[in-house]
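First the structure, in the form of structure tokens, and then the observations on it.
Read-outs throughout are calculated quantities, based only on the coordinates presented, and are distinct from any laboratory measurement. Keep in mind it's a predicted model, so treat the numbers as computed, not measured. Every residue, glycine among them, receives a Cβ derived from its backbone with ideal geometry; neighbour counts consider all protein chains shown.
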Amino acid sequence: MSRKRTVVLISGRGSNMTALIAAASDPTYPAEIVGVISDRANAAGLGIAQSRGIATKVVQRADHPSKDAYDAAIDAALTGFGTDIVALAGYMRILGRGLVEKWQGRMVNIHPALLPAFKGLDTHARAIRAGVRIHGCSVHFVTPEMDDGPIIAQAAVPVMVGDNEDTLAARVLKVEHRLYPLALGLVAEGKARMEKGHTLFAHFADDADNATSVVMAPDPLREERDLEQLARITP
Ligand code: GRF
């Protein structure tokens, strides 16, 4: 099996990046993390990646005369890493249409909400304000419209009475760290792929569990139960 060469784009903390690196440290995982690109020189994730022996590169918008030149530099960095798959993980810029279309089907993102609800920023505060009882995260293929691409996998968590933005964010982040490796694995293995604006799933003939699609409501008392199964409840 040839593992898919994956580059992670970050802007900050890099905890999802760290979860992907951890998953990929298993040689049987179908993706390997070959590089990390940040648009901020002070992103904490850069140091973490370096400490794991992963090549890093900083590509700052301010160092480029135009958005197109910036996108071209990102593209060149991706090509330089011999990239098969791009994983956006807390990368806070919107990439231009040309770049996104070039990598379409090979570029994924994690968003801290159950899309298509709560696209954009401040998802946890908005979820609390909206009074939803279930919140979560989504991994999707990247398309030119922000947070709009076809969904690959989702995980749900309950919104508890008394939650604030921070407690809810922490609960979602925990499942992000499980969902992203699972979703990247599906893409790297070719079990989930983008076609005509939709995610197509391979028939999981080799795994009876995977073939079973169930609907599961989160149990507030055992919120982590069967999350991987839950994550497979996809469109
Ligand atoms: C995560 O909540 C991710 O879903 C969102 O930005 C946050 C990044 O956190 N896109 P980290 O840098 O992965 O710790």
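Each residue in segment 1-17 was checked for being surrounded by fewer than 21 Cβ atoms within 10 Å (Cβ to Cβ) and either more than 13 Å from Leu184 (Cβ to Cβ) or within 15 Å of the ligand (Cβ to nearest atom) (or both), and 6 of them qualify. Only one of the listed residues (Asp84, Asp75) is closer than 25 Å to Leu186 by Cα, away from the ligand (no atom under 13 Å from the Cβ) and in contact with a Leu (Cβ under 6 Å, 6 or more places away or on another chain). That residue is Asp75. Based on this model, can you work out whether Ile94 counts as away from the ligand (no atom under 13 Å from the Cβ), more than 18 Å from Val187 (Cβ to Cβ) and either in a strand (DSSP E or B) or more than 12 Å from the chain's Cα centre (by Cα) (or both)? Considered against the rule, which asks whether it is away from the ligand (no atom under 13 Å from the Cβ), more than 18 Å from Val187 (Cβ to Cβ) and either in a strand (DSSP E or B) or more than 12 Å from the chain's Cα centre (by Cα) (or both), Ile94 comes out as no.
For the criterion of being touching a strand residue (DSSP E or B) at 6+ places or on another chain (Cβ under 7 Å) and over 30 Å from Ala125 (Cα atoms), Ala76 fails.
Against the test of being within 16 Å of the ligand (Cβ to nearest atom), closer than 19 Å to Ala188 by Cβ, free of Cβ contacts under 8 Å to residues at least 60 places away in the same chain and of a type in the set (A, V, I, L, M, F, W, C), the options Ala41, Ala49 yield a single qualifying residue, Ala49. Looking for something under 19 Å from Lys174 (Cβ atoms) and either surrounded by fewer than 18 Cβ atoms within 10 Å (Cβ to Cβ) or of a type outside the set (S, T, N, Q) (or both) - is there at least one such residue anywhere in segment 88-103? Yes, segment 88-103 contains a residue that is under 19 Å from Lys174 (Cβ atoms) and either surrounded by fewer than 18 Cβ atoms within 10 Å (Cβ to Cβ) or of a type outside the set (S, T, N, Q) (or both).
Does Tyr29 fit the bill of being of a type in the set (Phe, Trp, Tyr), farther than 18 Å from Gly190 by Cβ and part of a loop (DSSP other than H, G, I, E, B)? It is false that Tyr29 is of a type in the set (Phe, Trp, Tyr), farther than 18 Å from Gly190 by Cβ and part of a loop (DSSP other than H, G, I, E, B).
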